[in-house]
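Here is the structure we will look at, set down as structure tokens.
Just so it is clear, none of the values below were taken in a lab; they were calculated from the coordinates. These numbers come from a predicted model, not from an experiment. Here Cβ is always computed from backbone atoms with ideal geometry, including for glycine, and neighbour counts include all displayed protein chains.
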Amino acid sequence: MIVKLKPMILVASVSLFLSCLSIPLTASSGAGKCLYVSSYHRGYAWSDGVEQGLRKVLTGHCEIRQIDMDTKRNKSAEFKQSAAVAVKREIESWQPDVVIVSDDNAAKYVVQQYYRDAATPFVFSGVNWTVKEYGFPYSNVTGIIEVAPLEAMLTHAIKYSGGARKAIYLGADTLTEKKNLERVAEASKKLGIELEGMLVPTAGEWKSQYRAAQDADFIVMGSYSGISDWDETELAVFAVEHARKLTVTSHEWMMPFSTVGFTKIPQEHGEWAAQSAIEILKGKSPREIPIVANRDWDLWINASHLESTGVKLPRKFLRKAKKVN
Amino acid sequence: MKILEADYRLLFLISGMVMVTLVCWLAFSLQSHQQRARYEVQADAALQSIAQRLAVAQASMDAMVGLYQASDEMDAALFTPFSEELLQDYNFIDSMQYLTYITRDEKQEFIEEMHESGFSQFAIKSLAPGNSWPADPGYYLATSFLEPLTPSSANQMGLDWLANDTVERAFYRAVSENASQLITAPPGLGKSRQLVLLKPSYFGRSIEANPVARYEQVSGMFAILLDWDQLTISPQTDGGSQLPIEFSLLTEDGEIFATHDQDWSDVRKTEIEARNLVLTVVTHYHPFLTRNAYLWIVVAGLLCAIVYSITVLELRSRYLLKRDKNRAQSQLYKERERAEVALRSINDAVITTDVDHNIKYMNPVAEKMLDCSLEDAFGRHLADLVKLEFQPFGDAIPDPVDFYIDMTQSNLRQTGINIVLKIGTDQLSVDGNASPLLDSQGQLIGSMLVLRDVSLEQELTNQLVYQASHDSLTGLINRAEFENRVKEALELSRQNDRQNALCYIDLDQFKLVNDTCGHGAGDELLKRLAGVLQTMIREEDLVARLGGDEFGLLLHDCDEDQARKMAERVKIFDVSGSIGLVMINRMSGSLSDLMSAADLACYAAKDSGRNMVHVYRADDVEIAEKYRQMQWLPRIKEALKTNEFELAVQSVASLSDNNSPRVIYEFLLRWPQDDGSLISPALFIPSAERYDLMRDLDGWVIENALAAAARLNTELQYPSDQMFTINLSGQSVCDPALADFIIGMLRRFEVDPQNICFEVTETVAIANFSIAIEFINRLRGLGCRFALDDFGSGLSSFGYLKRLPLDFLKIDGLFVRDMLDDPVDLAMVRTIYDVAKVLKLQTIAEWVEDQETLDTLKSMGIDYAQGFHLSKPALVSELLPFSVASGKSYPPVIGSCTDLPALSTATND
């Protein structure tokens, strides 16, 4: 196993090295060193939002060095492992004062695997729903959990779909989407909604299931992340053409394929993680900083979908929500 | 004066101290008053500001509670936006919390709900000191909503506020009263100096009025945490600085919060609505003028006064110094201006130089004298412009300044030196002076040269020198200079054994030229003769006018033959002259001897028949005789002094019985010698004339003649119709005092002027015509009469004869003596007689020595005759018993002219 891992580590190391070269180092007026480890890659909307919020707050408090594990595009466990090893090497060589990790892979492959109750303080963000599976909290770990405003989303879906109780969840066939599906199902159950989950591996199947979902009262749109042949433009057009029912989502990047969105705000995660890192740099222990969940979200509407579906939304909702054409 | 100055300074110091102290006291008093007033304003404003802020917090609390009551459920969508709004708007609000009121039974479910909502670590924690509950609580008041929720504040989630006694009391009081409660924030909230405004919330839309019912209805409590420091920031008032104001918040139970421990000496209280909250304002105000303030003011005033006095005195000193300096500069400027004006106005050229004798200044006179402007001369060396030379030899003076400084320092002014300033081709005679210029330390900084143009003075000096050595008429050197030259020649002869010759020239009959042709003609003759003499001598010889008609020649390097030839050349000139020649050689005597010898030689030449050259030799008999005669001068003076002279009278006979006076007696001068002989006047009269003794002789004659005339008239009973004649020389006639002298003698001796007749020669009368006429007229006015003596021998002009106021005309005996043998003489006598008759003059013929001549004269009509044929002169002393002057007595003389004794000599023979 170890032998097999070496080539992957090499590849991951080169990838991380190249990634590091592409990230400008941010000089800090403070003496601290902050290592930011992103589970994904630059250009991924969620990750970019988290980084934006993080840098907005953290810049000026420490020297920031960033590592993108790129596990969204490299889904194999070996890659993730090798990426985690590379991160570990970086931590050991650079000796940061605090390490900020975003999203589940970094929490799982780096923190959980190598730094449980270690001396190096960690701040996580973007970990979906719960940290129980990673064994958090550790004495050296704090952070913010990513929760979606599912109840609010489902409540509004029921309201704007005329009191319907039957819904379809459509997403990629990934671990994350499975966890999301569970959360949505749990919330739906509280609200008396009959939810059927459809997790697909390909765009074709996604199209097929999308057309089939038009028979439900409304659709809960999960993330496409993990569908390898996803063509955003084509599928966005497809979705508009075939939209007949209200489609709600908690992912901002899925708004081209949805009617209404209740989306988490990645900047909130980045900002909280940065504020926590600052407190740690000031001397506070991660244990003194409770793990919290995000509390803010954005409202979105897709005008094309609204037109296709004929859904009527209240005037205040239309005015308040952000728009996607 | 110094005492007054010291008193002045002391008075100034004391007055300054008093003044500064008063000013300080007034300033501090005014400042204190103003500060007190400002404090009043600021304290009121601060109280009002705090009350307003608390009112804002209270209003926010009421709004939040009201909103909660309306929605009947607290969630993030309700709490978060409202809280964020308040936190953004009011900086004195630190945070807002919602405390959920739960029972022991509800605790676990509540915790799970919180976990579900994302607070996975949520737990209920005690807010009591030590984070523990004193006893098992039945109720909890736990933080379930918190804004701002940050990593630093997130650990407040789940805190049980009821575990804190203060909060617990406030909670029950708030529910009981259904009102807000303001308490100090319990410790454990992460920040000190906070107030907490609490107000409970209730389930249901309406709140029970019954306190007991409200306890059952309580759902939680809102808490607004206020930052005490931000709450009590005093508002900025207009003008002046902010005073330090402290605050204390009191409840009915006492102080619950204060910013500072104060002595409460100045307390202002206000109530916040009806919540029994009293805000007490305490300030740090202290009046400036405490017990020690006055002492400090005096000390400060003293120091200020000293500084002030020192400053003022220093400024005054500087002012006086500056004023004196300005005055000195002004005075210096004026003096310099005056000096420059003086330099410009003086007539001397003033030139100043630096130590290298480069010109630095010239006054206008110097610019004009050097014909060079100061601008052009500036910086040039003095010697380039001032070129001085000794005259007449032309020796240059290389450095004028050094020359004059040396001359000044040696106190030597060389008279007679002529220094000229050369300016191109022109030159000026200058006199100069130079002096070094020294600075105040005595260091040499230059020199000053003063030059005066003495050209005019030099010219006058030259003229004086020339005039002193030259004859003004002829331009020849005069006697003094001639004698100097002779002396030089004499010395040279002695030194070099060389011969020179001295010629003494006396013009023959030059007196006659003056008498007949006038002095103008005589002067012209002398000038021409001088010119001729200069042309006749050699270049190295010298001709001089020694006086009157006398000239001198100094012939260098010539022997006797050459000198004689030279003298002969002079002699052959038309003008006749007698020349005495004396050789100058090593054997010659003194200058005086040489001049005397030349004079004697000339005299000898004149005696030898005039127009002769006589060479002086020491053994020359003739010269010796002349030398002896020259000794007449002291003898004449001695004779006058000792009254050795005597008078003689010779009668003049009337040739007609009708003539009046009937008898004329002419006084004649005689000089008896010890051997009984008489010296002829012809011997000593020339000497008397030569040495200007004729006035003395005439004066003696007049005095003695008038005295004799008086005695002759009275003692010898001379005929009443008689007249005495007295001869006057030319020198006497020209004497203005003679007339008065004669008048005085006439009065003295009581002589009738009509009995006195004065004889003057025609030469004398004509040579001194106007003076003679005035003299004659004056005496004739008294009655005296005048006769013109020796008429005819002097080639007299009948024109003059016509104009002279005369009474008698005496015909020269030369014509009378030979008139019988010479028809010309006879014609002359007859002509003179005819003219005299026409002029109504009586005629007297002299030198009648025989009867035939007498007869002829009678026949001719001549009025009187005189001569040995008629009578000889007789000494008055022999006629009168005693002479007038000598006191000798003379025998009386009675009878006609023919009876008169004959005299051997006469004065005017």
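Worth a mention:
- For segment A:180-325: span of alpha carbons on each principal axis (Å, largest first): 56, 37, 34
- Taking only Cα atoms of segment A:92-149, radius of gyration then Dmax in Å: 10.9, 40
- Calculated FRET value between A:Glu234 and A:Lys282, using beta carbons and R₀ = 51 Å, to 0.05: 0.55
- Whole-Å semi-axes of the ellipsoid equivalent to the protein assembly as shown (Cα gyration tensor, √5λ, descending): 180, 42, 27
- Diffusion coefficient, µm² s⁻¹, Stokes-Einstein with Kirkwood Rh over alpha-carbon pairs of segment B:723-859 at 4 °C and 1.567 mPa s: 84
- When A:Val147, B:Val652 are sorted by how many other C-beta atoms sit within 10 angstrom of their C-beta, beginning with the fewest, the order is A:Val147, B:Val652.
- Other protein chain Cβ atoms within 10 Å, averaged over every residue that makes up A:287-296: 6
- Scattering curve values for segment A:150-249, log₁₀ I(q)/I(0), Debye with Cα scatterers, q = 0.14, 0.15 Å⁻¹: -0.47, -0.54
- Size of electric dipole in the protein assembly as shown: Cβ of Lys, Arg +1 and of Asp, Glu -1, about Cα centre, debye, nearest 20: 7660
- Zone of B:Leu460's modelled label, taken as backbone nitrogen in segment B:414-451 under 14 Å from a point 7 Å along Cα→Cβ: none
- Extension gain, B:Gln108 to B:Val41, is 18.5 nm, computed as 0.36 nm per intervening residue step minus the present C-alpha separation.
- Length-normalised contact order for segment A:150-289 - Cα pairs under 8 Å, 6+ apart - percent: 24
- For segment B:633-899, convex hull volume per residue from C-alpha positions, Å³: 126
- The label point for A:Asp173 and the one for B:Phe393, both projected 7 Å from the Cα toward the Cβ, are 15.1 nm apart.
- Potential extension, B:Phe741-B:His381 segment - 0.36 nm per residue separation minus Cα distance: 122.1 nm
- Computed from label points 7 Å out along Cα-Cβ, the spacing between B:Leu437 and B:Asp818 is 9.1 nm.
- Net charge, B:Gly446 excluded, C-beta distance under 12 Å - Lys, Arg +1, Asp, Glu -1: -2
- Size of chain A: Rg and Dmax of its alpha carbons, in Å, are 20.5, 62.
- Extension gain (nm, one decimal) between B:Arg780 and B:Tyr800, 0.36 nm per residue minus Cα-Cα: 5.4 nm
- Here A:Ser139, B:Ser429, B:Ser680 are placed in order of increasing Cβ neighbour count within 10 Å, fewest first, which gives A:Ser139, B:Ser680, B:Ser429.
- Extent along principal axes [Cα atoms of segment B:347-461; Å; largest to smallest]: 43, 33, 24
- Among B:Arg635, B:Arg545, a tally of other beta-carbon atoms within 10 Å of each Cβ gives an order, fewest to most, of B:Arg635, B:Arg545.
- FRET efficiency for the B:Glu246 to B:Ala59 pair, using the beta carbon distance and R₀ = 22 Å, is estimated at 0.25.
- Percent antiparallel among DSSP beta bridges (both partners in the protein assembly as shown, rounded to 5): 60
- Within 10 Å of each Cβ in B:119-127, the average number of Cβ atoms from other chains: 3
- Computed over segment B:742-813, the Cα gyration tensor eigenvalues convert (square root of 5λ each) into semi-axes of 23, 13, 9 Å, ordered from largest to smallest.
- Debye log10 I(q)/I(0) for segment B:470-629, one point scatterer per Cα, at q = 0.10, 0.11, 0.19 Å⁻¹: -0.32, -0.39, -1.19
- Spacing of the two label points (7 Å from each Cα toward its C-beta) at B:Ile423 and B:Leu10, in nm: 7.1
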